[in-house]
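Quick notes on the structure that follows.
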Amino acid sequence: PSVPRHTNRLINEKSPYLLQHAHNPVDWYPWGQEAFDKAKTENKLIFLSVGYSTCHWCHVMEEESFKSKEIGEIMNEHFVCIKVDREERPDVDKVYMTFVQATSGGGGWPMSVWLTPDLKPFAGGTYFPPEDGVHRVGFRTVLLRIAEQWKENKDALLESSQRILEALRHTSEIRVQGQESPPPAKEVMDTCFQQLSRSYDEDYGGFSKSPKFPTPVNLNFLFTYWALHQTTPEGARALQMALHTLKMMAHGGIHDHIGQGFHRYSTDQHWHVPHFEKMLYDQGQLAAMYSKAFQISGDEFFADVVRDILLYVSRDLSDQAGGFYSAEDADSYPTTTSREKREGAFCVWTAKELRALLPDPVEGATEGTTLGDVFMRHYGVEEAGNVDPMKVRESKDLPSVRSTDKGPASIGMEGWQSSPKALSPNTSQRLSSARAQRPRPHLDTKMLAAWNGLMISGFAQAGATLAEQGYVSRAAQAAAFLRTHLFDPDSGRLLRSCYRGKHNPVEQSAVPIQGFLEDYVFVIQALFDLYEASLEQGWLEWALHLQHMQDKLFWDPKGFAYFSTEASDPSLLLRLKDDQDGAEPTPNSIAVTNLLRAACYSGHMDWVEKAGKILAAFSERLQKIPITLPEMVRATAVFHHTLKQVVICGDPQGEDTKEMLHCVRSVFSPNKVLMVADGDSAGFLYRQLPFLASLERKDGKATAYICSNFTCSLPVTSVQELRGMLSP
């Protein structure tokens, strides 16, 4: 590469997204006081651009506008320009996305917002083309018009921005409305199930036509609904909807059949052509969902998908120090000599490439049939290609398993129902090796506490359910990484992010970003999951410490529930509470279950009261449109059903104890917590829960007790009897 013509102050940042823009001719500033002071001193408007490093349209707008010398000059003359990585600063992103969605009816990234010098928004949108088109005004025109408005109508813009801010404050407020009790579980659960059932795609699974997202929160709700309604037709349908969706996703092109893992979403109804970026938060949540699918169904298909996801994350998203990277980009160079990146170029194939790589003749098939033919038939590869919507040239295609009624019979292999892997076990290895010769997509090596928490949960749940100790060890390694690099022992607080370093294995920004609510709830959830998988009480102790800190930093004592951010940042105009489960659950949804688990492990019943107050704050939304909060609906059911404390008294290394633990971990029960009373009266659990001292082994054998509110059942030493007692 040639020496850059321009270098701006983003060169000093750690965020991969900000560094992508460090050589734009735009005089970018990071979010911070230096930019705010410049805007006020020079009486300039602020142009705020928010995105992330694996965002396709962010790349497009950079190429078209931010790399343009002429547009850069306009931006520098009239505005103080600020770049924000939304994954680093979800607080800034949420405030201004709330404005963009309220004023335009839509949102997305890149997000483009114009602010007054005191940070109040008055105009915004997402992607803008550089020049005017038939249906869209160009970015250059927008910049010049807004600069002119500021020059000619400054007072009107300031007044307008103040009115907008007050309206946003009013409409975004979530607080308890007189009623101080949680909504009834049955009505909320039934309404959410009915709303999901109506939006369900009977043919291909999922809950929309296109684009189609994995939405693990919907699947998690359906599993819980099934568990509580197992003998009803509605329960059976809930389970069928969840399992069918997971199978169709695993068969589709959204699942990377060569390189493992899942892409972010499908652009079509059939899960076939994805948006090719891969996000850590999807891998973590989907590993947990496929683990639950295996736990419920016993179908090894789901266990294989879990292993597939965790192989991808271990190989491609893992830092040598133990943390997990954030994402892989959708765009890459098709060849080493290409000058332009293309979306999906790393993943797609031509029929010619596949035939050349898989020329082996297939025994028993029509003469001339090769392994390449079988592969193409099995995975639905077409000569003309079918990824045109992604603008990939040369008739490229993407492997996506076809249904068995379109199997290899048409090429003279009647009765054969296996895959190309059965004919040649190294099929995937050949294709994987060939793909490895292509230029890889950009890897975002930022490591976020929240997303690492989701991935730790994925490894821990998989390890417990599949009885794979290696997965539990990987989860523990990542948790140790968080404690070393994303936790400040002096303040007792989490940090948001750290980065793969140039000079050190892991680096931190000059001013570390403090953790947000989502960092706390996902890490606490991960530590509870890790304790149940490993039985290491240190993780439990850290989880309870973080729960106390979360209460201190984010709880709203007047309106109830947790704010997403602390109160200490004057640059944030709004303190918000997320009110919709999306690609990730909203933090308050997870916080409810965390609080209930924390109470079970500590005996602090005020945490149960707090969980109820969160549900009360969201009561109106839960009763009217519960489909927007399926994870919180699930938590409502857990709250009303009361968590069972499953206590195993025994030596954790004893075979009888292991047999009981395996039984508990093999049964899907959404309202249980697991703990082992090993007889160490000085241990953390015994100090927290004095009632454990009264529980004993029966006849010297490992013994189980099912406790509710610290009142326990008669002792059980039979695995069969224990299994029956675990039903919700």
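The values are calculated or read from the model by the stated rules, or taken from the named source; none is laboratory data. Just so it is clear, the structure is predicted and the values come from calculations on it, not from any experiment. We place every Cβ from the backbone using ideal geometry, glycine too, and count neighbours over all the protein chains shown. Please note that ligands, DNA and RNA were not included when accessible areas were found on the heavy atoms of the full protein model with its side chains. Shrake-Rupley method; radii C 1.70, N 1.55, O 1.52, S 1.80 Å.
From the list Asp569, Asp581, which residue is crowded, with 24+ Cβ neighbours inside 10 Å and not basic (Lys, Arg)?
Just one listed residue meets the conditions, Asp581.
Across region 129-145, which residue is nearest to the chain's Cα centre (by Cα) among those that are buried (at least 17 other Cβ atoms within 10 Å of the Cβ) and within 19 Å of Leu115 (Cβ to Cβ)?
If we take residues in region 129-145 being buried (at least 17 other Cβ atoms within 10 Å of the Cβ) and within 19 Å of Leu115 (Cβ to Cβ), then Phe139 is nearest to the chain's Cα centre (by Cα).
Hey, could you check region 469-494 for residues that are in contact (Cβ under 8 Å) with a residue 40 or more places away in the chain and either acidic (Asp, Glu) or assigned to a strand (DSSP E or B) (or both) and say which is most open to solvent (accessible area, probe 1.4 Å)?
The residue in question is Arg493.
Residues that are in the same structural domain as Glu148 (by the TED database), open to solvent by 10 Å² or more (accessible area, probe 1.4 Å) and either under 32 Å from the mean Cα position of the chain (by Cα) or small (Gly, Ala, Ser) (or both): does region 67-81 have at least one?
Yes; the residues of region 67-81 include at least one that is in the same structural domain as Glu148 (by the TED database), open to solvent by 10 Å² or more (accessible area, probe 1.4 Å) and either under 32 Å from the mean Cα position of the chain (by Cα) or small (Gly, Ala, Ser) (or both).
Based on this model, can you work out whether Ser172 counts as within 30 Å of Ser727 (Cβ to Cβ), touching a helix residue (DSSP H, G or I) at 6+ places or on another chain (Cβ under 9 Å) and either of a type outside the set (Phe, Trp, Tyr) or open to solvent by 60 Å² or more (accessible area, probe 1.4 Å) (or both)?
No; evaluated as a whole, the condition is false for this residue.
Take Ser181 and decide whether it is in a helix (DSSP H, G or I) and modelled with pLDDT under 95.
Against the criterion (in a helix (DSSP H, G or I) and modelled with pLDDT under 95), Ser181 does not qualify.
Could you say whether any residue in region 116-131 is within 30 Å of Ser619 (Cβ to Cβ), among the aliphatic types (A, V, I, L, M) and not in a loop (DSSP other than H, G, I, E, B)?
For region 116-131, residues within 30 Å of Ser619 (Cβ to Cβ), among the aliphatic types (A, V, I, L, M) and not in a loop (DSSP other than H, G, I, E, B): absent.
Just a yes or no: is a residue in region 226-238 farther than 22 Å from Leu615 by Cβ, at pLDDT 95 or above and among the aliphatic types (A, V, I, L, M)?
For region 226-238, residues farther than 22 Å from Leu615 by Cβ, at pLDDT 95 or above and among the aliphatic types (A, V, I, L, M): present.
How many of the residues in region 198-229 are surrounded by 17 or more Cβ atoms within 10 Å (Cβ to Cβ) and part of a helix (DSSP H, G or I)?
Adding up the residues that qualify gives 13.
Please work out which residue is farthest from Leu685 (Cα to Cα), limiting yourself to region 600-620 and to residues that are outside any helix (DSSP H, G or I) and open to solvent by 20 Å² or more (accessible area, probe 1.4 Å).
Top of the filtered list is Met605.
It is to be established whether one or more residues within region 162-175 are over 22 Å from Phe99 (Cα atoms) and assigned to a helix (DSSP H, G or I).
no
Report the residue count in region 636-660 for those that are of a type outside the set (Val, Ile, Thr) and within 14 Å of Val673 (Cβ to Cβ).
The number of residues fulfilling the criteria is 5.
I'd like to know if region 146-161 contains one or more residues that are under 27 Å from the mean Cα position of the chain (by Cα) and buried (at least 16 other Cβ atoms within 10 Å of the Cβ).
So far as region 146-161 goes, no, none of its residues is under 27 Å from the mean Cα position of the chain (by Cα) and buried (at least 16 other Cβ atoms within 10 Å of the Cβ).
Within region 1-43, how many residues are open to solvent by less than 40 Å² (accessible area, probe 1.4 Å) and in contact with a helix residue (DSSP H, G or I) (Cβ under 7 Å, 6 or more places away or on another chain)?
11
Among the candidates Arg597, Arg575, single out the residue that is touching a helix residue (DSSP H, G or I) at 6+ places or on another chain (Cβ under 7 Å), outside the structural domain of Gly32 (by the TED database) and open to solvent by 10 Å² or more (accessible area, probe 1.4 Å).
Values: Arg575 fails: touching a helix residue (DSSP H, G or I) at 6+ places or on another chain (Cβ under 7 Å).
Every option except Arg597 fails the conditions.
Is there a residue in region 546-556 that is more than 26 Å from Ala480 (Cα to Cα), out of contact with any His (no Cβ under 7 Å at 6 or more places or on another chain) and not assigned by the TED database to the domain that holds Asp678?
yes
Could you tell me whether Tyr265 is surrounded by fewer than 19 Cβ atoms within 10 Å (Cβ to Cβ), of a type in the set (Phe, Trp, Tyr) and within 26 Å of Glu87 (Cβ to Cβ)?
No, not satisfied.
Among (1) under 30 Å from His229 (Cβ atoms); (2) free of Cβ contacts under 8 Å to residues at least 60 places away in the same chain; (3) not assigned by the TED database to the domain that holds Pro715, where does Leu622 come up short?
Evaluating Leu622 over (1) under 30 Å from His229 (Cβ atoms); (2) free of Cβ contacts under 8 Å to residues at least 60 places away in the same chain; (3) not assigned by the TED database to the domain that holds Pro715 leaves (2) as the failure.
If a residue must be assigned to a helix (DSSP H, G or I) and within 15 Å of the chain's Cα centre (by Cα), how many such residues does region 429-468 contain?
Residues that pass the stated criteria total 11.
Taking region 309-324, which residues are surrounded by 23 or more Cβ atoms within 10 Å (Cβ to Cβ) and either free of Cβ contacts under 8 Å to residues at least 24 places away in the same chain or part of a loop (DSSP other than H, G, I, E, B) (or both)?
Hits for region 309-324 are Leu317, Gly323.
Please find, within region 230-258, the residue that is farthest from the chain's Cα centre (by Cα) out of those that are among the polar types (S, T, N, Q) and part of a helix (DSSP H, G or I).
Out of the qualifying residues, it is Gln240.
Among Phe375, Phe346, Phe301, which is in contact with a Pro (Cβ under 9 Å, 6 or more places away or on another chain), of a type in the set (A, V, I, L, M, F, W, C) and open to solvent by 10 Å² or more (accessible area, probe 1.4 Å)?
None of the other options fit; the residue is Phe346.
Quick one: in region 356-402, which of the residues that are over 20 Å from Thr427 (Cβ atoms) and either polar (S, T, N, Q) or modelled with pLDDT of 85 or more (or both) is farthest from the chain's Cα centre (by Cα)?
Ranking the qualifying residues of region 356-402, first place goes to Ser395.
Determine the pairs where a residue that is closer than 16 Å to Leu535 by Cα, located within region 677-695, has a partner that is β-branched (Val, Ile, Thr) and surrounded by 19 or more Cβ atoms within 10 Å (Cβ to Cβ) with Cβ atoms under 8 Å apart, the partner being 6 or more residues away or on another chain.
Partner pairs satisfying both residue conditions: Ala677/Val647; Ala677/Ile648; Leu692/Val647.
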